[in-house]
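Visitor: One structure coming up, written as structure tokens, with questions to follow.
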Amino acid sequence: MIDFHLDARSGVAPYLQIVGQVRQALLLGLLSEGDKLPTVKEVVAKVAINPNTVSKAYRELEYLGLAAAKPGVGTFIIRSLGDASLAAHAPLQQELRTWLIKARAAGLTEPGIDAMFQNTLRESAEEEK
Amino acid sequence: MNAILRAQALGKKYGRREALTDCTLEIPPGHVVGLVGPNGAGKTTLLKIACGMLAPTSGRIEVLGEEPNGAPAHLAKVGYVAQETPTYASLTVADHLTLGARMNPRWDAKLASARVEQLGLDPKQKAGKLSGGQRAQLALTVAVAKRPELLILDEPVASLDPLARRGFLRHLMESVAENDTSAILSSHLVSDLERVCDYLVVLVTSRVHLAGETEVLLAQHYRLVCTRRAESDLPPGLDVIWAEHSDRQSTFVVRTEAELPTGDWSAEHLELEDLVLSYMERAAAPARRTTTPTGDAR
């Protein structure tokens with residue numbers, strides 16, 4: 001079972017934060033096909049948010065084809081993001097580490113690295129369109 | 001299902017002082033409603049009318065489809081937790097549950113004792129010896145165990161420290177999710193309610209200034225920042241809620257149900273707290289809204 005946490009200052013709608021955390025848990029291998037998500041009641045009893053927010057997030061996960069609700073039982077993960085799981089891409093991560101060492105050696109600090117990464121990610125996503 | 005609360009031109013006067021003026025609301029079922037407003041705005045008056053403890057001086061109100069008249073059948077449907085979450089100081093925690101069981105036909109004894117155990121309250125402890133947070137939790141337990149369709153809570157977290165506040169809201173949300181209960185809770189702080197409420201009513205100086213689903217309200221409001229200009233130079237269809245002008249810049253909070261027209265400004269959505277504050281400021285200083293960039297009141 002995974003726990004959700006909400007960041008009030010992030011500016012991201014709470015239900016989208018939950019969706020994001022499920023995706024991330026899938027990528028990190030914390031969740032996989034067949035796993036049960038916490039019930040709405042369990043989530044709100046932990047993070048004190050409106051139950052409709054959690055229901056909405058779960059509906060979105062169903063729409064994305066990541067989860068399915070079994071009435072009276074709960075909501076279950078129906079797809080793994082296994083191929084994209086981080087563990088399966090150790091060589092890529094190693095390359096990124098090497099690049100980070102180079103970036104620091106070139107005098108870039110963390111905010112600079114982050115900005116460069118985000119920019120490049122955005123540019124490359126736009127090029128692919 | 002019936003509306004949680006339907007009010008038509010509802011008013012309440014204490015002598016000559018108006019505590020509630022021309023209040024018209026229609027709140028659909030299944031919501032957790034935040035009633036927000038500064039102290040003295042009329043929140044308690046509205047909530048007391050809603051549970052039948054006060055009679056309005058004008059207008060009509062229905063709660064869960066019925067006029068709140070203090071009849072036992074209606075009282076059983078509404079759980080009310082008054083300000084400062086009162087309990088009986090000389091009675092024990094267990095006494096509170098016994099009393100609740102005797103007075104409420106739909107009392108859920110299992111739920112009540114499970115909750116007391118989960119909260120770690122000693123059943124033999126006198127309520128007067130409990131901490132503020134524990135007392136609030138006990139009051140909520142009693143209100144929830146009567147299995148109401150609607151919970152009405154007046155400033156339930158105002159006097160609690162942040163930890164007790166979080167604990168109380170968790171318990172409240174769990175009860176709402178478990179029993180499909182609707183709830184109305186008031187606060188003078190938006191931040192207390194931001195995450196738990198999906199419907200918002202802003203009450204200032206005895207009047208309702210804003211009401212609607214939180215998500216819809218957030219989507220309809222924008223903050224526009226532009227070169228200094230008069231309100232009248234903005235495109236039509238924008239309801240200006242709040243404006244502020246510096247020597248070269250104007251900032252507007254606007255509401256529009258249509259898509260925001262593009263223009264020579266930067267536009268962003270507001271956080272709920274800023275949104276509510278702009279309505280409160282407008283209500284508190286109506287003159288300010290109509291100031292032009294030259295500073296002349298129109």
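The values are calculated or read from the model by the stated rules, or taken from the named source; none is laboratory data. As the structure is a computational prediction, the values presented were derived from the model and not from experiment. Positions of Cβ are generated from backbone atoms using ideal geometry, with glycine treated the same way; all protein chains shown enter the neighbour counts.
Visitor: Quick one: would you say B:CYS197 is under 24 Å from A:PRO51 (Cα atoms) and either surrounded by 14 or more Cβ atoms within 10 Å (Cβ to Cβ) or of a type outside the set (A, V, I, L, M) (or both)?
Guide: Details: under 24 Å from A:PRO51 (Cα atoms): yes; either surrounded by 14 or more Cβ atoms within 10 Å (Cβ to Cβ) or of a type outside the set (A, V, I, L, M) (or both): yes.
Yes.
Visitor: Same structure again: For B:ALA136, indicate whether it is in contact (Cβ under 8 Å) with a residue 12 or more places away in the chain and closer than 24 Å to A:LYS46 by Cα.
Guide: Considered against the rule, which asks whether it is in contact (Cβ under 8 Å) with a residue 12 or more places away in the chain and closer than 24 Å to A:LYS46 by Cα, B:ALA136 comes out as yes.
Visitor: Continuing with the same structure: Can you confirm whether B:SER175 is buried (at least 16 other Cβ atoms within 10 Å of the Cβ), within 14 Å of another protein chain (Cβ to nearest Cβ) and of a type in the set (S, T, N, Q)?
Guide: Taking the combined requirement at face value, the residue satisfies it.
Visitor: Which count do you get for residues in the stretch B:159-172 that are more than 9 Å from chain A (Cβ to nearest Cβ) and either in contact (Cβ under 8 Å) with a residue 60 or more places away in the chain or aromatic (Phe, Trp, Tyr) (or both)?
Guide: 1
Visitor: Which one of these is small (Gly, Ala, Ser), touching a residue at least 12 places away in the same chain (Cβ under 8 Å) and more than 12 Å from chain B (Cβ to nearest Cβ): A:ALA105, A:ALA67? Give the derivation first.
Guide: On the way: A:ALA105 fails: touching a residue at least 12 places away in the same chain (Cβ under 8 Å).
Within the list A:ALA105, A:ALA67, the selection yields A:ALA67.
Visitor: Please go through the stretch A:27-47 and pick out each residue that is out of contact with any strand residue (DSSP E or B) (no Cβ under 7 Å at 6 or more places or on another chain) and modelled with pLDDT of 90 or more.
Guide: A:PRO38, A:VAL40, A:LYS41, A:GLU42, A:VAL43, A:VAL44, A:ALA45, A:LYS46, A:VAL47
Visitor: Go through B:SER278, B:SER232 for me and flag whichever is assigned to a helix (DSSP H, G or I) and over 29 Å from B:LEU193 (Cβ atoms).
Guide: Answer to the selection: B:SER232.
Visitor: Related question: Report the residue count in the stretch B:200-242 for those that are more than 14 Å from chain A (Cβ to nearest Cβ), among the charged types (D, E, K, R) and crowded, with 19+ Cβ neighbours inside 10 Å.
Guide: 0
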